[in-house]
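First the structure, in the form of structure tokens, and then the observations on it.
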């Protein structure tokens with residue numbers, strides 16, 4: 001992504017975060033976090049990744065609420081950005097946190113025996 005694309009994506013993220021925090025009154029969108037914004041090279045399309053930590057079971061409900069508020073959010077983004085065209089917004093659930101939690105649980109469930117003193121001294125002698 002170019003520097004300008006990154007700058008516009010960051011600005012869109014900032015605008016949407018403020019709107020969700022201060023102006024959107026839909027209770028389904030409370031506690032929502034915008035994790036990432038990707039903008040295409042023509043600035044006509046923006047993919048917005050969202051997550052609500054601890055509320056993964058509400059994923060469909062949240063995406064429906066965002067779809068319902070999309071027109072308002074797009075209009076407000078257009079007011080704050082000086083672009084020829086206002087990017088079309090597409091909201092996507094960001095599942096990275098869910099996968100990270102699953103991996104962490106798998107690692108913690110592994111039964112790894114503790115290292116013995118003999119193994120530690122063998123490892124130390126190899127380093128020398």
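The values are calculated or read from the model by the stated rules, or taken from the named source; none is laboratory data. Owing to the predicted nature of the structure, the values given are computational and were not obtained by experimental measurement. Reconstructed Cβ throughout: ideal geometry from the backbone, glycine too, with neighbour counts over all protein chains shown.
Structural remarks
- Any hit, the range 91-114, residues being assigned to a loop (DSSP other than H, G, I, E, B) and at pLDDT 85 or above: yes
- Residue within the range 19-26 that is out of contact with any helix residue (DSSP H, G or I) (no Cβ under 8 Å at 6 or more places or on another chain), surrounded by fewer than 15 Cβ atoms within 10 Å (Cβ to Cβ) and within 17 Å of residue 93 (Cα to Cα) present: no
- Scan of the range 68-96 for residues that are within 17 Å of the chain's Cα centre (by Cα) and more than 19 Å from residue 14 (Cβ to Cβ), ordered by number: 93, 95, 96
- Residue in the range 34-55 that is in a helix (DSSP H, G or I) and either in contact with a helix residue (DSSP H, G or I) (Cβ under 8 Å, 6 or more places away or on another chain) or at pLDDT below 90 (or both) present: no
- Single residue of the range 1-33 satisfying the filter (over 19 Å from residue 75 (Cα atoms) and either part of a strand (DSSP E or B) or within 16 Å of the chain's Cα centre (by Cα) (or both)) that is modelled with the highest pLDDT: 6
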